[in-house]
Amino acid sequence: MKCDDVQERLSAFLDNEESTDEIEEALGHLYGCSDCQSFFNDSIKLRSLAHKDQVDFPPGLDEAMNFRTIKAKCGIARYRVKVPAYVLSIAAVVLIALSFTFGFMVQGNVQRKEMSELMKSFPGQVVYSMPPQVVYPVIDRGSKGEAR
Amino acid sequence: MPDFGNGKEFTEFYNQYKAGVYRFCCRILNRPEDANDVVQDVFIKLYEQGVRFNGESSVKVWLYKSARNKCLNVIRDRSKLTNLGSDDDKTIATDIVSSDYDDSAAMVTRLLDQLAVEYREVLILREWNDLNYEEIAAALETTVPAVKSRLFKARKKAGEIYRKLYGDE
C-alpha cells in the first residue's frame, strides 16, 4: 500500500467516513511509517487548532439582519395563497378546454361570414343535399358564343 | 418546506446558521468586514428564495454553497485589484497578514492564507463547520470521493505549511 493511499484513508478515518475494518491495513502501515505518522499528527494538530479558533460573531450584524430590515431591503411584500396541486391541475385542464372551444367558435363564425360574402358574388346556387350541389343559372349566349 | 413569509421561520434559520456561515466566510476571506457583507447577501438571498427549498438540510447546503460562491467572487475581485494596484498596496497587505501571529487566531489566519482556495474551502467546511462529506460535496458541487481526495491533499498541504511557518512545535 502506498503512503498516499494510506494517508487518504487515515484522513477519511479521522472524519468517521471510513470504518475500522477498512482502515486496518492502513493502521498497520502507520505503525512502521514515519511520513504517515507525521501526516496523522499534523491532521490532529490542525483539528485542535480549528476547534480552538474562536471566530466572534459581530453583534452589529444581527441588527443589520433584522427581519423587518431584510423585508424592506427586498422591497417585496410576501403574500402567499396556498393552492392545492389538484386544483391547479383542474384549472389548467379547464383553461385548455375553454381555449379550444373558443378557437372553434371563432373559426366557425369566420368561415360562415366568408361563405356568405362569397355567395353574394357567386352566380350559382348551392343546393343543400347530400352531397351539396351547385346549380348554375342558364347563361344566354349570343350568336358568337359570347355571354351577354 | 420553509416559508419565510411571516419571518419566524427565517429568524430561526438565521439564528441557527449565522455563526457557521460567518465563520466560514471569515476564514475563507481572512477579512471580517468582507465576511459581514457576504453573510448579509447570503441571508437576504435566502429570504428571497423562500419556498424553493425541500427541507432543512437543503437550506444548510444552499447557505454554504451560496456563501462559497460569493466568497470566490470577492477573492476574484481582490486578485484583480491586486494585479491593478501598485507594489505599495501589496506590501501593506503582506504586513497585515504577517503581523502579530503569536496567538492561535493569527496562526490560523496565516496558515489558511497560504493555502490554495480549493483546499482552504474544503478544510474549513470540514474542520471549522463540521459538515459531513455528503454536505461538503453538495456545497462544493462535486462528488464524495472527490471531497475525500481533496481533504487528504488539503491536510497534507496544510501540514507542510504549518511546519514551514512554525516548525515542529
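The values are calculated or read from the model by the stated rules, or taken from the named source; none is laboratory data. Not measured: the values here are computed from a predicted model. Counting neighbours? That spans all protein chains shown, and the Cβs are built from the backbone with ideal geometry, glycine included.
Here are some notes:
- Scanning the range A:18-32 for residues that are among the β-branched types (Val, Ile, Thr) and surrounded by 13 or more Cβ atoms within 10 Å (Cβ to Cβ) yields a count of 1.
- Which listed residue is in contact with a Gly (Cβ under 6 Å, 6 or more places away or on another chain) and either within 12 Å of another protein chain (Cβ to nearest Cβ) or loosely packed, with under 12 Cβ neighbours inside 10 Å (or both), from A:Asp42, A:Asp35, A:Asp4, A:Asp15: A:Asp42
- Selected residue (only one of B:Ala93, B:Ala137, B:Ala146 is at pLDDT 90 or above, out of contact with any strand residue (DSSP E or B) (no Cβ under 9 Å at 6 or more places or on another chain) and farther than 26 Å from B:Phe43 by Cα): B:Ala146
- Residue among A:Cys3, A:Cys33 that alone is more than 43 Å from the chain's Cα centre (by Cα) and within 22 Å of B:Leu115 (Cβ to Cβ): A:Cys3
The rows are residues; the columns are (1) exposed (fewer than 14 other Cβ atoms within 10 Å of the Cβ); (2) under 12 Å from the mean Cα position of the chain (by Cα).
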{"residue": "B:Ser104", "(1), (2)": "no, no"}
{"residue": "B:Arg110", "(1), (2)": "no, no"}
{"residue": "B:Leu123", "(1), (2)": "no, yes"}
{"residue": "B:Ala137", "(1), (2)": "no, no"}
{"residue": "B:Pro145", "(1), (2)": "yes, no"}
{"residue": "B:Ala154", "(1), (2)": "no, no"}
{"residue": "B:Glu160", "(1), (2)": "no, no"}
